[in-house]
């Protein structure tokens with residue numbers, strides 16, 4: 001479809017666009033960014049930058065069934081928003097009044113997730129890895145995986161994240177887990193609950209994996225990250241989220257809160273309510289991000305850049321992506337502050353092949 005001009009988006013000079021992770025004014029004038037916040041560490045982040053705490057703690061009471069490919073059932077409280085049909089199923093992206101349900105599936109990336117013929121051994125409880133170079137292969141983990149040693153590989157493994165204490169399914173968000181490789185892995189929440197996320201950390205590669213039925217699939221907290229050939233879909237979205245002070249969830253497929261040397265390539269994104277890729281600079285400057293060759297969809301605006309008072313996001317390249325036409329703000333594929341320069345080429349709408357235009361916010 002054709003990308004609408006600012007005149008089609010509104011007659012007035014200023015249109016207010018709430019993109020949940022950040023609030024923007026889609027204008028013809030200069031960008032306005034909020035003042036920086038006094039954030040001391042990742043654990044101190046306000047809830048709009050992370051769906052839940054980043055700690056790993058034992059959860060011996062969690063004993064989900066070994067058969068885990070089902071769609072998780074919703075927890076009692078808080079309740080996800082339901083479709084207008086009042087379906088009792090948990091809220092997946094698209095399950096909102098007057099919006100279509102997300103397609104099942106959308107030509108998922110070939111090879112993403114656990115190989116179909118792979119036999120998995122069940123591990124109940126959290127898994128903490130403290131051996132350098134350790135290879136974890138062929139597990140179904142009913143718990144969380146914390147990597148606290150360098151050059152660990154997690155492959156051909158399913159992680160079902162318990163929802164009693166919200167956190168990440170796989171995390172190396174510490175000073176010891178650099179060089180983590182996550183390959184052909186599936187991550188999902190055991191039940192519908194806000195704050196359960198997929199992979200969190202820095203200095204890692206995530207490839208050929210499937211992450212779904214969580215709030216944020218990937219949370220990047222620092223430098224040297226490659227995310228390639230994955231399928232991100234069916235984010236959980238709640239109309240009332242305790243991590244948002246009772247407001248709606250801020251679910252993203254990927255959120256980058258600091259770091260550089262980050263590549264996002266060859267992935268398929270569907271289902272985030274806030275953004276497909278959200279850059280916020282919440283804990284440090286972001287410098288050197290390439291987003292290329294993806295199928296990108298979801299969000300108010302699919303790629304959403306915020307400076308958070310830290311100045312321009314430097315070295316931002318967005319090229320050769322295909323965008324779905326499913327944004328809540330019609331035609332808003334990429335939004336950025338005027339002071340952040342975006343190197344932008346070869347981006348087109350998937351349904352028409354027409355070029356994608358940038359939106360200023």
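Of all alpha-carbon pairs in segment 120-244, indicate the percentage at a distance above 24 angstrom. Display every interim value, and only then the final one.
Numbers: 1441 of 7750 pairs.
More than 24 Å apart: 19 percent of the Cα pairs in segment 120-244.
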Going out from 0 in 5 Å bins, what whole percent of all Cα-Cα distances in segment 259-325 drops into each bin? 4, 18, 26, 24, 19, 8, 1
Rounded to 5, percent antiparallel among DSSP beta bridges of segment 239-351: 5 percent
Can you give the three extents of the C-alpha atoms in segment 216-361 along their principal axes, from longest to shortest, in whole Å? 40, 32, 29
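Send over the semi-axes of segment 315-361's equivalent ellipsoid, whole angstrom and largest first, taken as the square roots of 5 times the C-alpha gyration tensor eigenvalues.
Details: eigenvalues 66, 37, 9 Å².
Equivalent ellipsoid semi-axes, largest first: 18, 14, 7 Å.
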Arranged by the count of other C-beta atoms within 10 angstrom, fewest first, what order do 229, 320 take? 320, 229
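Using the number of other C-beta atoms within 10 angstrom as an exposure proxy, rank 349, 231 with the fewest first. Kindly include the intermediate steps, with their values, before the conclusion.
Details: 349 18, 231 25.
Fewest-to-most Cβ neighbours within 10 Å comes out as 349, 231.
Taken together, the values in this text are just the output of simple stated rules run on the coordinates, not laboratory data. Everything numeric in this text was worked out from a predicted model, so none of it was measured. Virtual Cβ from ideal backbone geometry, glycine too; neighbours counted across all protein chains shown.
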